[in-house]
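Written out below as structure tokens is the structure these notes cover.
The values are calculated or read from the model by the stated rules, or taken from the named source; none is laboratory data. Note that the structure is predicted; figures quoted are calculated from it, not measured. For neighbour counting, all protein chains shown are included, and Cβ atoms are generated from backbone atoms with ideal geometry for every residue, glycine included.
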Amino acid sequence: MPLHESNMEKNGLFFTYFLGILAVLWFVSFLISNSKKGVPPLPPGPKAFPLIGNLHSLDPELHTYFASLSQTYGPICRLWLGKKIGIIITSPSLAREVLKDQDTLFANRDMPAAARESSYGGKDIVWTPYGPKWRMLRKVCVRDMLNGSALDSVCGLRRQELRQSINYFYNQSGSPVNVGEQMFLTMLNVITSMIWGDTVKVEERATLGAEFRHVVTEMTELLGMSNLSDFYPGLDWFDLQGLTKKMKVLSKRFDKIFESVIDQRKELDRNGEMGTFVGRESKDFLQVLLKLKDEADTKMPLSMTELKALLMDMVIGGTDTTSNTVEFAMAEIMNKPDVLRKLQQELERVVGKDNIVEESHIQQLPYLYAVMKEVLRLHPTLPLLSRHCPSETCTVGGYTVPKGSRVYVNVWAMQRDPSIWENPTEFHPERFLGNKWDYSGNDFNYFPFGSGRRICVGIAMGERMFMYSLASLVHSFDWKLPEGEILDLTEKFGVVLKKKMPLMVIPTPRLSSPTLYDDYASVFFTMNYILRCDPFNWDPFEVNAMVSIQLVHIKNMKPESPVFDKIHSRIFSTQVKIPNQLSSVDSFLVHNSHLCGSDVDELGKAIMTEVHSKPLTSGSCFRRVWARRLILAWFSTRQWMGTQKGPFKCSRAQIMSHKFVKRLFDSSPWPWQEPNIKQNGVVFSYVLGILALLWFLSFFINKSKNGQPPLPPGPKALPFLGNLHSLDPELHTWFASLSQTYGPICRLWLGKKVGVIITSPALAREVLKDQDTIFANRDVPAACRESSYGGKDIVWTPYGPKWRMLRKVCVREMLSGSTLDSVYALRKRELRQSINYFYNQAGLPVNVGEQMFLTALNVITSMLWGGTVKGEERISLGAEFRHVVTDMTELLCTPNISDFYPGLARFDLQGVTKKMNVLAKRFDKIFDSMIDQRQKMNRNAGTGTNVGQESKDFLQVLLKLNDKADSKMPLTMTELKALLMDMVVGGTDTTSNAVEFAMAEIMNKPVVLRKLQQELDTVVGKDNIVEESHIQQLPYLYAVMKEVLRIHPILPLLVPHCPSETCTVGGYTVPKGSRVFVNVWAIQRDPSIWKNPTEFHPERFLDNKWDYSGNDFNYFPFGSGRRICAGIVMAERMFMYSLASLIHSFDWTLPKGGALDLTEKFGIVLKKKMPLVVLPTPRLSNPTLYE
């Protein structure tokens, strides 16, 4: 037994060491630069520790820390943030590269775990990936919710809240006030008021506002905290700090509020009430969004979840941002008394000291605009913008930026760059008086709101709220610091930039009359509150009587005010219709379209004077009740604003207790710093072992959440391996058998990767048509990355402008009908040589697949540079090509552990990448040689003199495009060679295997062979050879081709798709980055669609019902959607021309004793398991026809 225990102890220790080493290898694979020869390196940056990277050295003030790094490492540098790579951009030219030149690549976000919860799973405008859904959301925001007319319609709601804040500051005259705290409350009230101004009853607003303040404060605090799950996404499931759980609780509270308010609005709409007391201004944002939801396009609807996510954006994105900017502005202005003086002089000239600021004044205040721009230059709201995330690996500033990196654009540092700005740290608004700078994001010296597609959508609203708030504060008061206080302008980095020390100042009223500080609009809203909520049962007679008394009072008032006389004449020169239900004429007066804000104030002053000064008639008991309740409500309104202690009094110090962001790693020593090295080695290995297990388990636990569909069903997976142990080499048939067990969509764990298998036309339509853009990317295998020049070809390039340019080059230029016609002679030359080969082998067994591979390769290379390379050189080049293409095809078929565990790709454990790199270099050497020859021919003006029209090969077409390319989206030489590689690799095995399958099926059905030869004899004749011009007259041959591609599609699973975001297919979640296999082989053999599906029966295609367009998801052998095969036209010509020539020129028989085997073998393309060996017998009338 002791021996047994000793062995167990040793085995346990060995296991922990093994896991520790595995974890180290895993993390080191991310920490070692993936630089390869010919590929730019990662940007420079500080040295990183294993596992933690540079996290230990992060400074809480990230914007200044990043700026200091740029002084050491240059305008682009790199940090390792746990498992993530951070790229820091600190120069205008590189910012232009990221946000303009490669805008589409960087149009996505790297979503933090907490933000995922707060944004309904990333369904909002901030975090939704770039694509049709994001464009729809942006359109909703910019054109419908935040356009000029929509903002105008809620002007009264903004005014109401701001006037209450001005009244608060007035009541605090002579006492210190916290400007940031009060402006936060103001902005939150403004935002919520605009969201549901008339939907929520007056008596509910205060309670709702208080709850909102509490939740927004906690949510902002959580969003500003560092989260392990963001640095190590594999640990996201465990939520080690509990931040996701806390955010989930807060989000549910928000959602409950949203649901309640939405239900109220729907109830109002059902009852035909468009707002009892707001009239024309009742069109709040919620009403706008609900209307858009009901009228949404069926192809891209606005769902209720997205509606609530947009509301969440408004609340979270519009509170701290504006309030902090106003606080910075007030601090800078007070630090520069001459700026305050100039601002007040401008306001006195435009507004006057006997009036209050209205939004209509803003356009006449250029110096105020200059102040706003200067504040946003020195203190941009988001100093690093929202971090961008490239959708593919790309190059910026000569360095590689890997796919999925976090890209920080340090706009704070650029807007303080002394090489751009004179005296950059000085607050000097005059620099903006020339109107040179704006917020469009086109000038990368000044872009506080960002640039490109992801520029802030709320610029117009932010500008209005900031300008109106700051103008009102500066115009209404003089400001000074409390005695002994010093102004501190130090910043504090957080979810948004804020002052480190709150701004405490003393307001002193400066307007001509105290009545200009009263908030009479709130009194009118309170009147409606009384009428609607008073415990006395008001009947219509009493309501009408009270309304009449109000009118009489207004008529009898004669205050010494020309403004009031103007209002009086306006109101009573028109017929006023008095309502007869629970409403009052005051609401009509406040919100009638012909009254402006200052008019309302004058009316309010007159009514309040009347209530306080004139006695009420003894017989008007209900008037006494009304007056008493009006006065009480007036004071309750002031209580709500915080001037008295009341139920809604809540200081910002209580609700805004932002904690400092704690360092992720404290000062406690790490295990390796302890004296006992041996003991710590064991501890360290245990820690790494546990971390490795947690890491791997995080990928095998279904991440289903409340309300989120589960992953598709599938076979049970083993830890680490997933389902790799059970994979069948014949994937297409095995996937089809899985669908019989788990349904038309099922899931496999392929190492670290999730594989999703689609096996029904309906789900194929969802993936390839309905959600085409989301599934338009590829998951590039390691070997393919080497063979395609780093994924620069049309097959693997991510969907975006670059891919569209490459596809345009292929479809419109290189593979267009006219271009293919121009190289027909080159195709004909190679095919006639193959026919001659078969003729010379008459009566002898020949391997059809092998010979057709050589033929297809010769045809391809001849079309590539047939007019460039001549004679023996072309033969020698063809021989080398055959060898390299054969080796490359074999490598592409080899299962590679690097594809299942991308973290191990660096180690290339099987050597596949290294071997492919050697072959790719041989290809590249051949390409360079051919390109040099063609360019030399062009320089010598000797293009095509020996070959005539045949000299126009694909290489010539591509070089011409390379010379004339658009400067914004050029065709580079690397992309040119990648396209040539596509032609070689993608056009050889595909065509030759399809022809081999066709010959086998035809020989297995002699009646089909006979019908084909009869058709060819009729159209071509036995005394002639087949030309491509004959093809259009051979309908049965077309039917044969379609039937061959139905039973034996070239790519039985198509090229795997990779969703750019997590989405839903068939009611199941398909995670971002999954490998999606569409089993077209199984769909095209589905007995519920096809009669006798395994029988070769070309007649089913004679009615021309089916084509290769990809619009019918019962038959789509070339794929569908954006990623449909670009070479359909060329493949069709080569297949038809080759098969027609073989069938027309020869009779075909099996060797004696030979048996026809139609078994398939899965590979990079589908091929026959046993090669087709047959005997050709010439059948044309004249032997010269075979020369």
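If the condition is being charged (D, E, K, R) and at pLDDT below 90, then the range 1118-1156 contributes only Lys1152. If you check Leu1142, Leu1166 for being more than 27 Å from Val1026 (Cα to Cα) and aliphatic (A, V, I, L, M), only one passes: Leu1166.
Val1019 - would you say it is touching a helix residue (DSSP H, G or I) at 6+ places or on another chain (Cβ under 6 Å) and either at pLDDT 90 or above or buried (at least 16 other Cβ atoms within 10 Å of the Cβ) (or both)? Considered against the rule, which asks whether it is touching a helix residue (DSSP H, G or I) at 6+ places or on another chain (Cβ under 6 Å) and either at pLDDT 90 or above or buried (at least 16 other Cβ atoms within 10 Å of the Cβ) (or both), Val1019 comes out as yes.
A quick yes/no check of all residues on (1) among the charged types (D, E, K, R); (2) at pLDDT below 85; (3) assigned to a strand (DSSP E or B); (4) buried (at least 19 other Cβ atoms within 10 Å of the Cβ):
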residue: Phe27; (1), (2), (3), (4): no, yes, no, yes
residue: Phe30; (1), (2), (3), (4): no, yes, no, yes
residue: Asn34; (1), (2), (3), (4): no, yes, no, no
residue: Lys37; (1), (2), (3), (4): yes, yes, no, no
residue: Pro40; (1), (2), (3), (4): no, no, no, no
residue: Gly45; (1), (2), (3), (4): no, no, no, yes
residue: Ala67; (1), (2), (3), (4): no, no, no, yes
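The residues on offer are Glu950, Glu996, and the sole one that is among the acidic types (Asp, Glu), at pLDDT 80 or above and surrounded by 18 or more Cβ atoms within 10 Å (Cβ to Cβ) is Glu996.
Being closer than 29 Å to Cys893 by Cβ, outside the structural domain of Glu392 (by TED's automatic domain parsing), in contact with a Phe, Trp or Tyr (Cβ under 6 Å, 6 or more places away or on another chain) and assigned to a helix (DSSP H, G or I) is the requirement here; does Val767 meet it? Considered against the rule, which asks whether it is closer than 29 Å to Cys893 by Cβ, outside the structural domain of Glu392 (by TED's automatic domain parsing), in contact with a Phe, Trp or Tyr (Cβ under 6 Å, 6 or more places away or on another chain) and assigned to a helix (DSSP H, G or I), Val767 comes out as yes. So is Ser323 touching a strand residue (DSSP E or B) at 6+ places or on another chain (Cβ under 6 Å), crowded, with 18+ Cβ neighbours inside 10 Å and small (Gly, Ala, Ser) or not? The answer is no for Ser323. When restricted to residues that are in a strand (DSSP E or B) and closer than 22 Å to Pro1117 by Cβ, the range 728-761 contains 5. For the range 1090-1146, filtered to residues that are over 38 Å from the mean Cα position of the chain (by Cα) and among the basic types (Lys, Arg), the residue that is nearest to Leu1034 (Cα to Cα) is Arg1133.
Scanning the range 826-845 for residues that are crowded, with 18+ Cβ neighbours inside 10 Å and of a type outside the set (Phe, Trp, Tyr) yields Leu826, Arg827, Lys828, Glu830, Leu831, Ser834, Ile835. The helices (runs of 4 or more DSSP H) located wholly in the range 92-204 that include 3 or more residues which are assigned by TED's automatic domain parsing to the domain that holds Glu327 occupy 113-118, 132-139, 148-153, 155-171, 179-196.
Against the test of being among the aliphatic types (A, V, I, L, M), assigned to a helix (DSSP H, G or I) and in contact with a Leu (Cβ under 7 Å, 6 or more places away or on another chain), the options Leu1037, Leu1045 yield a single qualifying residue, Leu1037. Here Arg159 passes the criteria (1) basic (Lys, Arg); (2) surrounded by fewer than 20 Cβ atoms within 10 Å (Cβ to Cβ); (3) more than 30 Å from Phe775 (Cβ to Cβ) except the one numbered (2). Given the condition in contact with a helix residue (DSSP H, G or I) (Cβ under 9 Å, 6 or more places away or on another chain), of a type in the set (A, V, I, L, M) and surrounded by fewer than 21 Cβ atoms within 10 Å (Cβ to Cβ), answer yes or no: does some residue in the range 479-486 qualify? Yes: one or more hits. Being free of Cβ contacts under 8 Å to residues at least 60 places away in the same chain, over 16 Å from Ile333 (Cβ atoms) and either buried (at least 18 other Cβ atoms within 10 Å of the Cβ) or of a type in the set (Asp, Glu) (or both), is that true of even one residue in the range 464-478? Taking every residue of the range 464-478 in turn, none turns out to be free of Cβ contacts under 8 Å to residues at least 60 places away in the same chain, over 16 Å from Ile333 (Cβ atoms) and either buried (at least 18 other Cβ atoms within 10 Å of the Cβ) or of a type in the set (Asp, Glu) (or both). Is it true that Thr400 is farther than 30 Å from Met247 by Cα, in contact (Cβ under 8 Å) with a residue 40 or more places away in the chain and either outside the structural domain of Pro509 (by TED's automatic domain parsing) or surrounded by fewer than 20 Cβ atoms within 10 Å (Cβ to Cβ) (or both)? No; evaluated as a whole, the condition is false for this residue. Pairing residues of the range 1101-1115 that are closer than 12 Å to Arg1046 by Cβ with residues that are surrounded by 12 or more Cβ atoms within 10 Å (Cβ to Cβ) and of a type in the set (Val, Ile, Thr), at Cβ distances under 7 Å and at least 6 apart in sequence or on separate chains, gives Tyr1108/Ile1128; Asn1114/Ile1083; Asn1114/Ile1089.
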